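Below is one structure, written out as structure tokens; the observations come after it.
The values are calculated or read from the model by the stated rules, or taken from the named source; none is laboratory data. Since we're looking at a predicted model, the values are computed, not measured. Here the Cβ positions follow ideal geometry from the backbone for every residue, glycine too, while neighbour counts run over all protein chains shown. When the accessible area is computed, the model is the full protein with side chains, heavy atoms only, and any ligands, DNA or RNA have been set aside. Shrake-Rupley method; radii C 1.70, N 1.55, O 1.52, S 1.80 Å.
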Amino acid sequence: MKKKLIAGNWKMNGSLTSNEALLQALVAGVADKECLVAVCVPAPYLAQAQGLASGSGIDVGSQDVSQHESGAYTGELSATMLKDFGVRYAIVGHSERRQYHAESDALVALKAQRALASGITPIVCVGETLAEREAGQTEDVVKRQLAAVIHANGHCISEIVVAYEPVWAIGTGKTASPEEAQQVHAVLRGQLKAATQHADRVHILYGGSMNAANAKQLLSQDDIDGGLVGGASLKAPEFLSIIAAAC
Ligand code: PGA
């Protein structure tokens, strides 16, 4: 069985001082844990996180990556730059990027492709809004979002991580029930199976108000291979409890 992956998404939070305390607590708390752990930090803190997490088994990730290789793209971060800082994962297509930065399925697919080309594992986020769920469109939406990435990445698709994050559950305290989440994860697994014979290797994470109280049940579902954790990843005891539930 593959190890579960618990990835923290700090979003636009942190400071040199608070990051240091958080990372030191995480490093102390993950020692000899049997699962994969990562923190996706704001870009200015990549070097700090890499330094503090070095040798601890905690991987460092970014929260985005440019679809371009290099050049006149002010404000963008290239995959090769991220690689320079030891970045292992890059979140792509987070719903906050899709919503506030108008990122399309096609753009997300290009970003995933760019990350893979530099040896960075893209964490591809998919998920429906509340209106889409209520209209019975959940499966169509997540399949459309993942299909774009499969189409652009061909046989490399077994190298990605997928995160199912229902938009209505992100930062709201509302979580998909383990059964609701599993149902969507099974759909995504099926879609990956149609694209690669290595679909079982792919981590499919759940994200959306995962916390110490609900993690164990979510993570016990067949196709839930870990979590992408926002708010609860900013508090060491809470994040470590989720990690403990996964290991
Ligand atoms: P949340 O965020 O855990 O705060 O709901 C998850 C995410 O957006 O990745």
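Points to keep in mind about this one:
- Using heavy atoms of the protein chains and a probe of 1.4 Å, the accessible area assigned to Glu76 is about 80 Å².
- The calculated FRET efficiency for Lys193 paired with Glu76, based on their beta-carbon distance and R0 = 22 Å, is about 0.05.
- In this structure the amide hydrogen of Thr121, modeled in the peptide plane, comes within under 5 Å of the amide hydrogens of Tyr89, Ala90, none closer than 5 places in sequence on its chain.
- Distribution of pairwise C-alpha distances over the chain, 5 Å bins, in %: 1, 7, 15, 20, 21, 18, 12, 5, 1, 0
- Mean residue ellipticity at 222 nm, helices only, the chain: -12500 deg cm²/dmol; runs of at least 4 DSSP H residues each add -39,500 (n - 2.57), and the sum is divided by the number of residues.
- Accessible surface of region 5-246, 1.4 Å probe, proportion on carbon and sulfur as whole %: 51 percent
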